[in-house]
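Please read the structure below before turning to the comments.
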Amino acid sequence: MKTIRQVSMLQFTLMVSAFQISVAFLSLPRELARQAGTDGWIAIFFGWGMATLASAALVKVMKNSPNGSILELIQRYMGVWASKLAAFIFMAYYLLLAYDGFMIASLVIKLWLLPSTYIYVLVLLLLIPTFQIAQHGFQAIGRYSEIVALISIWIPFVYLSTLRHARWLYLLPVLKEGWLPVLSTVKIMFYPMLGIGLAFFIYPHLVKKEKALTAMVISNTITCLVYLGITLVCYVYFSPDEISEFNEPVISIMKSIELRFIERIEVPFIAFYLFVFSCIWIPSMHLVSMNSAWLLGKDKERGHLAVWCFAVAVSFFIYRPSFIDAARVNNFLNLTGFVMEFALPVCLLLYVAIINKVRRGRRS
């Protein structure tokens, strides 16, 4: 049996939270404003509630497989072929998440920093450290998440400095069009809250499994507070009609910050924010290689990771995506993410509960 490298609760908490924030952080205020105007921030609380309920169901399911991932659990309850199918689905899902992360990051870099550089060159440069970290498993990824969180503490204070230009009347009146626009916006929160599904695979590595749900609630709360803070900052800085015109209002707002020693503060900010971006594709690429190795019945995840990194680089060389393509992928991930990380834990919990009850009935 493969040695399990343990992950601390702090690492687990930061890994999930960083995965959730990453690329969704940039466009969330715009997306919420398009659907519900300046009341869009209320939908964040509904997203937190749904993610927390899904997390509770997920942890409850994984208690039936404390020393194995979701694949071992499916194999035990549904058979080998079901686990193979699940491995393929998870592999495709996390490969798409990784591709989406690379795509958004490379497009943002090309737009704001390096307009003359080819996207596939940027992706290739990002893949090198990705392979170096992802090959060492969840423990190394958890330590990386701790470092990213530590060096990102200054970011909230930068955004707070923009409040000197705030117009708080933009937020009033609250619920100006009622609850319907807010409730119709809740579906947008599925994509920004993706990341709770990591527990399907990290759970057997946890040091204190009994605190897994607490850690996930903390992760969702951190994510909720970050989203709420940046959304409110954007809402009081941009006018209600203006905010929907910016693709990345989180970056555009940086233009209001003036420093004597630097002309464009958004340039080093984007370069630094690549560390946060990487928190979605590094664990995703590791999970792709893990599920690929499970699917083929081999244990050499490092080799699978190298192959998939090469495949991603080639895909960007063959096809150069645009922001329109990124929006389409995000919309698709919003739906598939709901199925994989919100609906699946609930369905598995019901299935496992029924099977356990039937087995206990047969024994008695």
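Any residue at all in the range 260-270 that's open to solvent by less than 10 Å² (accessible area, probe 1.4 Å), modelled with pLDDT of 90 or more and among the hydrophobic types (A, V, I, L, M, F, W, C)? Checked the range 260-270: no residue is open to solvent by less than 10 Å² (accessible area, probe 1.4 Å), modelled with pLDDT of 90 or more and among the hydrophobic types (A, V, I, L, M, F, W, C).
Condition check ((1) in a helix (DSSP H, G or I); (2) open to solvent by less than 60 Å² (accessible area, probe 1.4 Å)) across all residues:
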{"site": "GLN11", "(1), (2)": "yes, yes"}
{"site": "LEU28", "(1), (2)": "yes, yes"}
{"site": "THR38", "(1), (2)": "yes, yes"}
{"site": "ALA43", "(1), (2)": "yes, yes"}
{"site": "PHE46", "(1), (2)": "yes, no"}
{"site": "ALA51", "(1), (2)": "yes, yes"}
{"site": "ALA57", "(1), (2)": "yes, yes"}
{"site": "PRO66", "(1), (2)": "no, yes"}
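Determine, yes or no, whether ALA293 is open to solvent by less than 50 Å² (accessible area, probe 1.4 Å), out of contact with any helix residue (DSSP H, G or I) (no Cβ under 6 Å at 6 or more places or on another chain), at pLDDT 90 or above and among the small types (Gly, Ala, Ser). Criteria not met by ALA293. Applying the criterion of being of a type in the set (Gly, Ala, Ser) and more than 17 Å from SER284 (Cα to Cα) to the residues of the range 77-105, the residue that is surrounded by the fewest Cβ atoms within 10 Å (Cβ to Cβ) is GLY79.
For residues that are out of contact with any helix residue (DSSP H, G or I) (no Cβ under 9 Å at 6 or more places or on another chain) and under 19 Å from MET193 (Cα atoms), tally how many sit in the range 91-116. Number satisfying all stated conditions: 0. Filtered by the rule that a residue be of a type outside the set (D, E, K, R), open to solvent by 50 Å² or more (accessible area, probe 1.4 Å) and under 19 Å from LEU125 (Cα atoms), the range 296-321 gives VAL307, TRP308, PHE310, VAL314, PHE317, ILE318, TYR319.
Residues in the range 18-55 that are modelled with pLDDT of 95 or more and hydroxyl-bearing (Ser, Thr, Tyr): THR52, SER55.
Listed by first and then second residue, the pairs linking a residue in the range 282-299 that is touching a residue at least 60 places away in the same chain (Cβ under 8 Å) and over 13 Å from LYS84 (Cβ atoms) to a residue that is open to solvent by less than 10 Å² (accessible area, probe 1.4 Å) and among the hydroxyl-bearing types (Ser, Thr, Tyr), with Cβ atoms under 6 Å apart and 6 or more places separating them unless they lie on different chains, are ILE282/THR130; SER284/TYR94; MET285/THR130; LEU287/TYR94; VAL288/TYR94. Taking (1) open to solvent by 60 Å² or more (accessible area, probe 1.4 Å); (2) farther than 30 Å from ALA293 by Cβ in turn, PRO129 satisfies each apart from (2).
The values are calculated or read from the model by the stated rules, or taken from the named source; none is laboratory data. Computed from a prediction, not measured in an experiment: that's the story for all the values here. A quick note on method: Cβ atoms are made from the backbone with ideal geometry, for glycine too, and the neighbour counts reach across all protein chains shown. Areas reflect the complete protein model, heavy atoms only, side chains present, ligands, DNA and RNA absent. Shrake-Rupley method; radii C 1.70, N 1.55, O 1.52, S 1.80 Å.
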